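See below for the structure under consideration.
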Amino acid sequence: MNYDDGNVFARILRREIRAAIVYEDDRCLAFRDIDPKAPLHVLVIPKAPIACVGDAPLAQRELLGHLLWAAGEVARREGHGDAFRLVVNHGAAAGQSVFHLHVHVLAGRALGWPPG
Ligand code: DGP
């Protein structure tokens with residue numbers, strides 16, 4: 001999918017929209033989801049313009065790994081390093097509504113399996 005830099009997460013990255021930021025480094029930003037589905041619900045996004053996880057080229061595999069590391073770091077910092085779930089929706093049919101790659105970090109309640 002083509003990347004549209006008018007999406008809400010691009011605007012958060014440009015600080016045009018406020019967000020409750022919990023972690024940032026040179027490659028990613030993490031902030032609380034506006035509509036949390038668990039006591040901890042944070043989104044980790046790359047600063048690079050990638051619309052969907054499956055769109056990332058091989059050259060960005062290290063960045064994808066970094067997002068997973070950052071997601072774990074967020075869970076640890078937030079006191080949920082023992083149990084958390086990461087979710088990445090790819091495509092509208094899978095539930096993706098914002099087309100800037102994001103990793104959901106969910107914790108703080110029982111997380112059923114299989115997911116919906
Ligand atoms: P997804 O459905 O996987 O594309 O998840 C998008 C998430 O983004 C959804 O859980 C709600 C969240 N979200 C949408 N708009 C905003 C916003 O303006 N601020 C924040 N913090 N989260 C948002």
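The values are calculated or read from the model by the stated rules, or taken from the named source; none is laboratory data. Since the structure is predicted, the reported quantities are computational estimates derived from the model, not experimental observations. Heads up, the Cβs are rebuilt from the backbone with ideal geometry, glycines too, and the neighbour counts pull from every protein chain shown. Ligands, DNA and RNA are excluded from the accessible area calculation, which covers all protein heavy atoms including side chains. Shrake-Rupley method; radii C 1.70, N 1.55, O 1.52, S 1.80 Å.
For helix 61-77, report the angle its Cα long axis makes with the longest principal axis of the Cα atoms of the chain; keep it between 0 and 90° and round to the nearest 10°.
Taking the Cα atoms of the chain, the angle to 61-77 is about 30 degrees.
Extension gain residue 113-residue 47, at 0.36 nm per residue separation less the Cα-Cα distance, in nm? Don't skip to the end; give the middle numbers.
Working: separation 66, 0.36 × 66 = 23.76 nm, distance 3.10 nm.
My answer for the length gained is 20.7 nm.
Could you please report the charge total around residue 39, scoring K, R as +1 and D, E as -1 over all other residues with beta-carbon less than 10 angstrom from its beta-carbon?
Details: positive: 37, 109; negative: 78.
Result for the local shell: +1.
With only Lys, Arg, Asp and Glu charged, each at its Cβ (+1 for the first two, -1 for the last two), find how big the charge dipole of segment 59-116 is about the Cα centre; round to the nearest 20 debye.
80
Beyond 19 Å, how much of the Cα-Cα pair distribution for the chain remains, as a whole percent?
Working: 2908 of 6670 pairs.
Distances greater than 19 Å cover 44 percent of the Cα pairs.
Provide the per-residue ³J(HN,Hα) series for segment 18-28, in order, calculated from phi with Karplus coefficients 6.51, -1.76, 1.60 and θ = phi - 60°, each as a whole number of Hz, with x at glycine and proline positions.
Whole-Hz 3J(HN,Hα) from phi for segment 18-28: 6, 8, 8, 7, 10, 7, 8, 9, 5, 10, 8.
Residue 87 to residue 8: extension gain in nm, 0.36 nm per residue of separation minus the Cα-Cα distance?
26.6 nm is the gain from fully extending residue 87 to residue 8.
Placing +1 at every Lys and Arg Cβ and -1 at every Asp and Glu Cβ, with all other atoms neutral, what dipole size does the chain have around its Cα centre, in debye to the nearest 20?
220
For the charge dipole of the chain, defined by +1 on Lys and Arg C-beta atoms and -1 on Asp and Glu C-beta atoms about the Cα centroid, which residue among 30, 13, 68 has the Cα displaced farthest towards the positive pole?
30
For the chain, calculate the relative contact order in percent as a whole number, restricting contacts to Cα pairs under 8 Å that are 6 or more residues apart. Write down the numbers at each step before the final one.
On the way: 177 pairs, mean separation 35.3, N = 116.
30 percent.
Run the accessible area of segment 1-113 with a 1.4 Å probe and give the carbon-and-sulfur part as a rounded percent.
Numbers: 3360 of 6300 Å².
Within segment 1-113, the accessible surface is 53 percent carbon and sulfur.
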